[in-house]
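A.B. asks: Please find one structure pasted underneath; my questions will follow.
Values quoted throughout were computed directly from the atomic coordinates according to the rules given, and no laboratory measurement underlies them. Bear in mind the structure is a predicted one, so any value in this text is a computation, not a measurement. Cβ: placed from backbone, ideal geometry, glycine included. Neighbour counts: every protein chain shown.
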Amino acid sequence: MSRLFRDVGGGPRCPHGSVVCIGAFDGLHLGHQALVRHAVARARAMDLPAVGLTFEPLPREFFAADARPPRLLSTRARIERLLVLGLDQIGLLRFNRALTCLDAEAFVRRVLVQRLSAREVWVGPGFRFGKARGGDIEVLRRMGAELGFAAHEIAPVAVDGERVSSTRIREALQAGDFATAARLLGRPYAISGRVARGRQLGRTLGYPTANLRFAAGMVPALSGIYATWVHGVAGPGDERRAWPSVSSLGTRPTVDGTEPLLEAHLFDFDGDLYGHRIEVEFVARLRDELKFSDLPALTEQMHRDAAQARDLLSHDQRRAFA
């Protein structure tokens, strides 16, 4: 049986019971991790599968389709990180008009009881679900007492005296405060993906780049020019280590781009990365993305960006290929 399922309906996936946690899990920050780890620990203690329920698109994206809010983590990365945390199955439920019309009680009966045979359900603080957000922890507890499962709300996780949230992380990233973002996430902020072919304009300017594209409609949480480390690239002796780089994330206004693109220029790298999966870790923000009058002006600025990024990374504790 596949570890991933998409539909609300269908036959039982856990006929002997399960422990379920539910959330959007954008960013999979320390609060999300605490929720998932607790559900996994309970499942192991009860000798039951641990199931995570999340949504695609994210609910806030569905309700703001014309002005989607920034997303912290791609769908693939979210699934991969949830599996690493120990979940046995993941319900990546299609968040569509039909799901928004499903009231809280129907969701409990169809998904938690009929589909997953839930024995315990774990949610984060203030969790709401169902049509018009009519369901909450009290609805879960009331229906659980009726239908044979227990419902629990995990305590908030705080960092620097404030609750960890995806909103705090977005604000830190947009301010270029990667240290705070890393404390809230429990890891440095990074974007991963498979290197795609581009227009190869950077190569003609002396700055070849590894390009990562975004899923249609996904709005990245960052925009600008950054000092970065690229992970997943073989170095001397085929050793995979962090590679110093300067990266641009935006729509490339100087060349009339329209879709967001992450372009990472790896310093002193000579190789073919097309088709490889890499991860770009953000270290410091250098400047905003700008529209230049011509390509020579853009190239001059790229020289300055590269020099600044090299200097910043040379003082970072993860020096790569000195």
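A.B. asks: Apply the Karplus parameterisation 6.51 cos²θ - 1.76 cosθ + 1.60, with θ equal to phi minus 60°, to every residue of the stretch 158-166 and state each ³J(HN,Hα) to the nearest whole Hz, in sequence, with x for glycine and proline.
C.D. replies: Those phi angles translate into 10, 10, 6, x, 10, 4, 6, 8, 4 Hz.
A.B. asks: Could you work out how much longer the chain between residue 204 and residue 133 gets when fully extended? Use 0.36 nm per residue separation minus the Cα distance between them, nm to one decimal.
C.D. replies: Extending this stretch completely gives an extra 20.3 nm.
A.B. asks: What do you get for Rg/Rh over the stretch 12-86 if you use C-alpha atoms and the Kirkwood form of Rh?
C.D. replies: Rounded to two decimals, Rg over Rh is 1.03.
A.B. asks: Step through the residues of the stretch 282-290 one at a time and calculate ³J(HN,Hα) from phi using the Karplus curve (6.51 cos²θ - 1.76 cosθ + 1.60, θ = phi - 60°), rounding each to whole Hz and writing x for Gly and Pro.
C.D. replies: Each residue of the stretch 282-290 in turn: 8, 10, 8, 8, 9, 5, 6, 6, 10 Hz.
A.B. asks: If contacts are Cα pairs under 8 angstrom and at least 6 residues apart, what is the relative contact order of the stretch 188-314 in percent?
C.D. replies: Result for the stretch 188-314 is 33 percent.
A.B. asks: I've got another one for you. Students often check this: by mean Cβ neighbours within 10 Å, which of 61-67, 179-185, 124-130, 100-106 ranks highest, and how do the rest follow?
C.D. replies: Numbers: 61-67: 11.7, 179-185: 19.6, 124-130: 17.4, 100-106: 15.1.
Going from most to least packed, we get 179-185, 124-130, 100-106, 61-67.
A.B. asks: Can you list residues whose amide H is under 5 Å from residue 284's amide H, if they're 5+ apart or on another chain and H is modeled 1.01 Å from N?
C.D. replies: Result for residue 284 returns 227.
A.B. asks: With the calculation restricted to Cα positions, what are the radius of gyration and Dmax of the chain in angstrom?
C.D. replies: 22.0, 71
A.B. asks: By how many nm would the segment from residue 300 to residue 234 lengthen if fully extended, with 0.36 nm per residue of separation less the alpha-carbon distance?
C.D. replies: 20.8 nm
A.B. asks: What is the dipole size for the chain, taken about its Cα centre, with +1 at each Lys and Arg Cβ and -1 at each Asp and Glu Cβ, in debye to the nearest 20?
C.D. replies: That gives the chain a dipole magnitude of about 880 debye.
A.B. asks: Nearest 500 deg cm²/dmol is fine: what mean residue ellipticity at 222 nm does the chain get from its DSSP H runs of n ≥ 4 alone, each adding -39,500 (n - 2.57), divided by its residue count?
C.D. replies: It comes out at -8000 deg cm²/dmol, rounded to the nearest 500.
A.B. asks: In percent, how large is the relative contact order of the stretch 4-159, given Cα pairs closer than 8 Å and 6 or more residues apart?
C.D. replies: It comes to 31 percent, rounded to a whole number.
A.B. asks: Something else now. Give me the extension gain from residue 194 to residue 277: residue separation times 0.36 nm, minus the current Cα-Cα distance, reported in nm with one decimal. It would help to have the intermediate numbers written out before the result.
C.D. replies: Details: separation 83, 0.36 × 83 = 29.88 nm, distance 0.42 nm.
Result for the pair: 29.5 nm of gain on full extension.
A.B. asks: Along Cα→Cβ, 7 Å out, is where each label goes; now give me the distance between the ones at residue 83 and residue 142 in nm to one decimal.
C.D. replies: Here the modelled spin labels are 3.9 nm apart.
A.B. asks: Under a plain spin-label model, where a point goes 7 Å from the Cα along Cα-to-Cβ, how far apart in nm are residue 171 and residue 290?
C.D. replies: Inter-label distance under the simple model: 2.9 nm.
A.B. asks: On to the next question. To the nearest 20 debye, what is the magnitude of the charge dipole of the stretch 4-159 about its Cα centre, counting +1 on the Cβ of each Lys and Arg and -1 on the Cβ of each Asp and Glu?
C.D. replies: With only Lys, Arg, Asp and Glu charged at Cβ, the dipole is about 220 debye.
A.B. asks: Rounded to the nearest 0.05, what FRET efficiency do residue 46 and residue 314 give with R0 = 51 Å and r taken as the Cβ-Cβ distance? Could you check? Each step should come with its number before you reach the end.
C.D. replies: Numbers: r = 51 Å, r/R0 = 1.00.
E between residue 46 and residue 314, to the nearest 0.05, is 0.50.
A.B. asks: Also, quick follow-up: Just need the relative contact order of the chain here, percent rounded to a whole number, with Cα pairs under 8 Å and 6+ apart. Mind showing how you got there, number by number?
C.D. replies: Numbers: 610 pairs, mean separation 50.9, N = 322.
Relative contact order comes out at 16 percent.
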